Each structure stands twice: as structure tokens, then as C-alpha cells.
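S.K.: There's a structure below that I have some questions on.
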Amino acid sequence: MITTTTPMEGAMLKLPCLRSVSRNTNFTNRSSNSFPWSYRRLHISASASASASAPLVEGPKLGPGSLGHITRSDFPILHQEINGLKLVYLDNAATSQKPRAVIEALQNYYEAYNSNVHRGIHYLSAKATDEYESARQKVANFIHAAEAKEIIFTRNATEAINLVAYSWGLSNLKPGDEIITTIAEHHSAIVPWQIVAQKTGAVLRFVNLTEDEVPDVGQLRDSLSSSTKLLVMHHVSNMLASVLPMDEVISWAHDVGAKVLVDACQSVPHMVVDVKNLDTDFLVGSSHKMCGPTGVGFLYGKSEILSGMPPFLGGGEMIADVYLDHSTYAEPPSRFEAGTPAIGEAIGLGAAIDYISEIGMQQIHDYEMELGNYLYDRLSSVSDVRIYGPAPSRTVKRAALCSFNVKDIHPTDIATFLDQQHGVAIRSGHHCAQPLHRHLGINASARASLHFYNTKDDVDKFIDALKDTINFFTSFK
Amino acid sequence: MDSSSNLNFPFTISCTPTKLNPQFCPQKPTFLTFMKYPSSFLTISSIPTKPNPQSCSKNPIFFTSIRCSRNIRHGLSSVSCLIMEEAPLDERLSVVDKVRSLSLEFRSLSEPIDRVKRLLHYASILPPLCESARVQENRVLGCTTQVWLEVRMNSRGSMNFSVDSDSEITKGFCSCLMWVFDGAEPEEILSVTAEDLGDMNVGLPKKGRSRVNTWHNVLFSMQNRTKDCVQERKRALSLEDLHSLVIRPHEHVGGPSANGSYLESEPKCSFEVK
């Protein structure tokens, strides 16, 4: 049954807005001792008692010898000129660059053991299967899943969400059930559930933002009820840079018997994510945002839930036996991986995980926090710039990205000029978050997003280029 | 006024096709390079400094002399050649000629910033679309910027366009497309491909559909709506007692529907028969 109006509009409830938002600052340290370079760990206090106005950057961790300076040489693509200028790549929230180790893993696969996986008896197939399944284990280890079979390779995170929507959603939701999400979700976390709501009669409800421009988890908590069957939320916003306290949110959802799907595309590449600690039911991630190849993403699902889900796609690989009138299905993860997968890309993802794990996710996170705060501070000092999302403080952590607008200059004009005149790559548009942009009263925004291979120099060049861009367009008015 | 003696090389001379001069925009496009100095050049190309297709098509004129003045306002390394005298133009430029002319113009601007400046200049002379036309049903979908497009087929069967954007660079693109297509016959408009406009890009993808490829999206939107107008005109002309018919953009129930392409889901054109 379809709800009285379209799920997107009619089922969107205006719930009371709560100001207080608790934030998760408990990031588990991992593999910090294996960091091969003498990078000094950063320490940013999360003490709630500290003054919010105190400087956020505590030490000279962004200068020469920083993580960015050390790792840049691993990324061949960064060492080129664009329009005659040295490339400054600040579009990492869209996709990350690939270290040489990943490129070589892909090349090695295609040069040395390219073969189809799982069913071949010959050496190449066995080797490819071993490496492919090894990549699955690496993903499982990386997000602290209990077993490799809880990891399903997909084309991307979007497909992973659709897998849950079409498999779990269509078989578990019924009229009147509620799916709760936020207005700040990526389109890939909204549209599949609109489709599911239309097909099942479930109601799609949306949580608004607080005045601090953070998804209102207080409102979310108040909206949970026995009707809530699924919560779909991002961990880190690709536009607001807000970091949600998913451990608390998931706990609240489980209290009412709801399942939780976490969109971790913007968190997994930048911080420690532990699915066991979070106790999430589903979590999706994208290879290309975490230094891996495009064409592969993953779905984490608890074993007991995956085992009860019907297939998403039918075909080879996902079956046990096929008869003319029926088939029996393989156990997860094979059940959800119909057809030949992106073998080389999955192996490349495994290489990416090896690479960033060797650095250490806590080190990456700490460095990016400091660099992100530096970006925020410098950008907020530019006249007529409006940065979206929460202001960082001792207690409020932002991801290392800034979505912003400059008064009376279209973000696409800014992005074009930065690229053409300064070789600075940022993104403009709605970042696949149109409902959020509408809520903020804008059609588009510019976004500069960092990764651990960016440096303070990159931020400085971007700010200088932005000032020049603003001056340029102002002169034409 | 003769400021040529004060010019510093290299620079570009642009000739305004607001009033088009067939001598400067011939079938074989003019692209003259003067090697004043070994490392310097002077380029003359025919450029829509002030695109005004209606003037081109309805009251064609051409210039008999040009005056050159260096544009130093924004540090441009180009020179605008302003029209001094006007005379009737025997035949208007074809769409193909205009595309070729635009292509030459942008190819002659080797520095990206000069292409951006040129587009901003064209943006500044594009008449704004009235607020009532800046509505969702006139949106060109698939752009990272907002583009509104009105399409009309006039009583002679040629096409008229009005276009606007919230982005200045995009508006510059649109201004060029307006100059090329406004007043043209449907067959001419439909003959242009995205690749024909490839040289006009400012760092944008030349091929394929992209959310940022304004050339591509606006061009295809103009062409799709032109096709709709042609079909509607054929249908309308088959009705004997028709005095006046205005077909408004389609009003989709529940908003645009997916027809396999975001471009195909756009509203249709306005069509007038007298």
C-alpha cells in the first residue's frame, strides 16, 4: 500500500527540533604501532570542559614532515600540472586518489593471474580466488567484522544500499512500517527507500537539522517507535561534515526493534570504524573513496540477517542448484554476488586497505582533523564565505571537508575558475544531496574535501586561489 | 581612434558578429595570424562579442569598418573591434558557419582565463529571462547550475530561444548557443553535434553526458524541444480551422517522469501558428 502522498513529501514529518546533539569522539585506535614513518601522533583534546574558543590546532603537525608530505610521493597522480599549474586535489569526498601500491596490485592481477574466480580448477583461477577472498577478509578485518562472509562485494555503495532495499526491505516491510532517515542523506540512501516505500506501503520519515546544521539525533530519538523497522543514516555527512554518534543512535534503534543501515562512505576512509562496537546491522562503504579502485564497494551485514535475506540478483555464482522450475541459493556472501565480480578491483581494494592500515586509521583521522580544522579556520576568514555544517570546537568534530558558498558567485563558476586558473580541483553542485540543499535554501555549493595526502600547502594554495577567484568575479560586476 | 600603436603583443582582436560581416565569417573561416614578433601573435577572428541572433536573422547587417580598442578593464589580452558602420547583410550566416566561427574564436584563446573572460563578457550581454520564465518546468536538467530555457517556433517555422542561468560562466555558454541557434531553422539546429562545440569548452568534458557539461545539456535540450515543436507544428497544420494555438510546456502529473533520459523528461516547447 502506498501512503496517502508520495513517501518523500507526504510522509515527511515535522518533528520538534532539539538543540543538544551528542557526538561520538570515541574512535578506537588501531595499528598505530605499525606506522612505518616517524610521524608523531596528534593529540586533540575532546574534553567537554575545554573552551570552545581556544585554538583547535595544538601543535605544528601540519608542517614539513606531516603525514601529507610523507605520503604524497605514494600518489603519482598528484605530481602533475593542470593547465600549467601544479595540481591541488581537494575533491576527495567524491573520490580519492590511488597509491602506487593499489595501481601495482591491479596491474599485477591483470599481468600475472587474471582469471575467473571460484569455479576454475587451474592455477590462475585458484590464485585469483585466493586473492579475491583475501580481499574480502581484509575488508572484514578493516571494519572489525566477525567473519569474512559478512562482507558482500558490490559495484559500489549505492548498489550495496539497493541490495538491502530490494532484498531485506521488500521482504520485511509492510504497510505502516516506518523507515527513518535524515534530510542530509546522499541520494543513494534516499531513492531506494522511496522505491521500497512505494512498493510496500511503508512510510519514509525524515529527520531535520538542528540550528547548528547537524542532523537532529534528538528528533530522531523522539521519532523512534515500535513502527520503526529501519533506520538509514550516514556516519559522516558528505556536505555538512558532521559526525553522528552512531553507537548511540544504533542503540536507540535496537531498543525499539529496528534495524540500522549505516552509510559509511565518508567515515570508513578517514577514521576507525568498528561494526562490532557500533552493533550496526548493515554498513556500506565504497572502495574508490578509500584509495581503492572504482567499480567495487561492499556491504557489511550481520550473518544472521544476511542468511535470512533472499537474493538481490539472480544468475551464476549465487546458486546452489538450478532446475528448470526452481533454484536453491548459495549461502552468503555468494548468494548476493551473482555473476563475475570485479575481481581485480576487489583485490585492489585489499591493497588499499593494506596501505592505509599500515599508516594507521587513527593517525589518518588525527591528521585529517587537524588539517580539516585548518581548512575551516582559513576558509571562514575569507570575506563573504558561508560554510555549511557545525562550527568545529573542542567538543564538536567536523570531517575534513568544507561545503561553502561565496556571496553572489555561483559555486560552479568558482570551481571552474579554480581549475582553469589555479589548478585547484574542488567540486560544485548539490553533491547528491538535493533535499539538504533545499533545506539550506541553496541550489548548489562548492566543496573542498581533504584526505591524508593533502598538506597545509594545499589548503593555503586553495585559499589564495579562492581569494583571487572572488576578486576576479567581483571585478566583473 | 587608433590604439593599435599602443598594443602589446600577444593579443587577440575580436570582431563582433552582432552585426555580422560575411567577409570575416566566410565559408572558409578567417583565421589570420600576424607574426609581428617571433613569440607574439595577433589573431583576428569573428566573435559574437554581442550575440544578437534576432538582429542577425531579421535585420541582417554587416560592418564596413572596425575600430580596435584594447580591453584593459580586466586585464584582457584581447582587443574588441567595435562596429563603426553598418550595412545590410545579404545573407545571414548559417548555423554551421556560426559554430565554426565560435570554434575558431575559442581555439584562438589559448589561455583558459581568456576563455572564461570571454564567456563572462557574453554572459553580461545576454538579456535576463523574466522571473516568470525562471520556473521548474523550463529548467534544463542535468546541469550543476540552474539553466532555464524557453523554446518557441515562430510563424515562419524557425526557432526562437530565451535562456538564462544562475551561473555567469554557464550564462556565457548559453549566450553563445543563443547566438548560434536563435532564429535558425529546425534542420540546422538538429544538425549540430556536441562534438562540434568541443572547442568551446572551458575545462569541461567534451564527450558524453555529464552533469557539468552545459554545452551538451543545453544543446540537447534545445534540440529535443525543437523536435517537439516540429512535431507539434505538423500536427497543428493538419487542422484546418486553427487560428491560433499556443502549446504550453507539458504539465506532468506528479512532476517530471522518467522516460529513459533526464533530457527527455523535460517540458516541451511553445509553438505559435497564425
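The values are calculated or read from the model by the stated rules, or taken from the named source; none is laboratory data. None of these values were measured; they are calculated from a predicted model. We place every Cβ from the backbone using ideal geometry, glycine too, and count neighbours over all the protein chains shown. All accessible areas refer to the heavy atoms of the entire protein, side chains included, with ligands and DNA or RNA removed. Shrake-Rupley method; radii C 1.70, N 1.55, O 1.52, S 1.80 Å.
S.K.: Give me the dipole magnitude in Debye, nearest 20, for the stretch A:138-340 about the Cα centre, with unit charges on the beta carbon: positive for Lys and Arg, negative for Asp and Glu.
M.R.: 380
S.K.: Please name which of A:110, A:430, A:343 has its Cα lying farthest along the dipole of chain A towards the positive end, using unit charges on Cβ (Lys, Arg +1; Asp, Glu -1) and the Cα centre as origin.
M.R.: A:430
S.K.: Mind listing which trypsin sites (Lys or Arg not before Pro) in the stretch A:364-412 are in a DSSP loop and have 11 or fewer other Cβ atoms within 10 Å?
M.R.: A:407
S.K.: Using modelled amide H (1.01 Å from N, peptide plane; none on Pro or chain starts), what sits under 5 Å from the amide H of residue A:228, excluding residues fewer than 5 places away?
M.R.: Hits under the 5 Å cutoff: A:178.
S.K.: Of A:301, A:207, A:195, which is farthest towards the positive pole of the stretch A:138-340's charge dipole, taken about the Cα centre with +1 and -1 on the beta-carbons of Lys, Arg and Asp, Glu respectively?
M.R.: Comparing the listed Cα positions along the dipole, A:195 ranks first.
S.K.: Using only the alpha-carbon atoms, what does the stretch A:354-420 span along each of its principal axes? Please give whole angstrom values in decreasing order.
M.R.: Ordered largest first, the stretch A:354-420 gives principal extents of 43, 31, 15 Å.
S.K.: Over 24 Å, how big is the tail of the calculated P(r) for the stretch A:138-340, in percent of all Cα pairs?
M.R.: Value for the stretch A:138-340 (Cα pairs over 24 Å): 38 percent.
S.K.: What is the set of long-range amide H partners of residue A:319 at a cut-off below 5 Å, with H atoms built 1.01 Å from backbone N?
M.R.: Result for residue A:319 returns A:330.
S.K.: Let me have the relative contact order for the stretch A:138-340, percent, based on Cα pairs under 8 Å that are six or more residues apart.
M.R.: Taking the mean separation of contacting Cα pairs over the length of the stretch A:138-340, I get 25 percent.
S.K.: Now for a different question. Only protein chains counted, 1.4 angstrom probe. Which residues of the stretch A:66-89 are at least 30 Å² less accessible in the assembly than when their chain is isolated?
M.R.: Residues passing the criterion (a loss of at least 30 Å², heavy atoms only) do not exist in the stretch A:66-89.
S.K.: Another question, if that's okay. Provide the buried accessible surface between chains B and A in square angstrom, both chains summed, 1.4 Å probe, rounded to the nearest 100.
M.R.: Summing both sides, the interface buries roughly 1600 Å².
S.K.: Work out from phi, with θ = phi - 60° and the Karplus expression 6.51 cos²θ - 1.76 cosθ + 1.60, the ³J(HN,Hα) of each residue of the stretch A:77-92, listed in order in whole Hz, and give x for Gly and Pro.
M.R.: 5, 6, 9, 8, 9, 10, 6, x, 10, 5, 5, 10, 9, 10, 10, 6
S.K.: Ignoring ligands, DNA and RNA, what percent of the 1.4 Å accessible area of the stretch A:242-314 is carbon and sulfur?
M.R.: Answer for the stretch A:242-314: carbon and sulfur cover 47 percent of the accessible area.
S.K.: Here's another thing I want to ask about it. Mean projection of the alpha-carbon convex hull of the stretch A:109-215 over all orientations, in nm²?
M.R.: 9.9
S.K.: What is the gain in length, in nm to one decimal, between residue A:171 and residue A:471 on full extension, counting 0.36 nm per residue of separation less the C-alpha to C-alpha distance?
M.R.: 102.4 nm
S.K.: Tell me, which residues of the stretch B:137-171 get at least 30 Å² less accessible area when the other protein chains come in, versus the chain alone (1.4 Å probe)?
M.R.: At a threshold of 30 Å² (probe 1.4 Å), the residues of the stretch B:137-171 that become less exposed are B:144, B:146, B:166, B:169.
S.K.: Just the Cα atoms of the stretch A:355-477, one point each, no solvent: what log10 I(q)/I(0) does Debye give at q = 0.11 Å⁻¹?
M.R.: -0.39
S.K.: With a 1.4 Å probe and all protein chains left in place, how much accessible area per residue does chain A have, in Å²?
M.R.: Here the per-residue accessible area is 37 Å².
S.K.: Using 20 Å as the Cα-Cα cut-off, could you pick out the over-long pairs in B:98/B:171; A:199/A:289; A:276/A:302; A:229/A:289; A:138/A:302?
M.R.: Exceeds cut-off: A:199/A:289; A:229/A:289.
S.K.: Another question about this same structure. Determine Rg/Rh for chain A; Rg is computed over alpha-carbon atoms and Rh is the Kirkwood hydrodynamic estimate from the same atoms.
M.R.: Ratio of gyration radius to Kirkwood radius: 0.97.
S.K.: Still on this model: Using label points projected 7 Å from each Cα along Cα→Cβ, tell me how many nm separate residue A:383 and residue A:199, to one decimal.
M.R.: Here the answer is 5.5 nm between the modelled labels.
S.K.: On to the next question. What distance in nm separates the two pseudo spin-label positions at residue A:442 and residue A:137, each 7 Å out from Cα along the beta-carbon direction?
M.R.: Going from the residue A:442 label point to the residue A:137 one covers 4.6 nm.
S.K.: Still on this model: Compute the projected area of the convex hull of the Cα atoms of the stretch A:414-476, averaged over all viewing directions, and report it in nm² to one decimal place.
M.R.: Average projection, Cα convex hull of the stretch A:414-476: 5.1 nm².
S.K.: Mind giving me the nanometre distance, one decimal, between the label points for residue A:255 and residue B:133, set 7 Å out from Cα along Cα→Cβ?
M.R.: Once both label points are built, they end up 5.7 nm from each other.
S.K.: Shifting gears a bit: For the stretch A:315-354, run through the chymotrypsin sites (Phe, Trp or Tyr not before Pro) and keep only the ones in DSSP coil with at most 11 other Cβ atoms within 10 Å of their Cβ.
M.R.: A:323
S.K.: Continuing with the same structure: So, R0 is 41 Å and r is the distance between the beta-carbons of residue A:407 and residue A:103; what FRET efficiency does that work out to, to 0.05?
M.R.: 0.50
S.K.: Residue by residue through the stretch A:269-279, which ³J(HN,Hα) values in whole Hz follow from phi under the Karplus form 6.51 cos²θ - 1.76 cosθ + 1.60 (θ = phi - 60°), with glycine and proline marked x?
M.R.: Once θ is set to phi - 60°, the couplings for the stretch A:269-279 become x, 10, 7, 6, 10, 10, 5, 6, 5, 5, 6 Hz.
S.K.: What is the set of long-range amide H partners of residue A:82 at a cut-off below 5 Å, with H atoms built 1.01 Å from backbone N?
M.R.: Counting only residues 5 or more places away or on other chains, the set is A:87.
S.K.: Applying 1/(1 + (r/R0)^6) with R0 = 30 Å to the Cβ-Cβ distance of residue A:221 and residue A:148, what FRET efficiency is obtained, to the nearest 0.05?
M.R.: Calculated value: 0.35.
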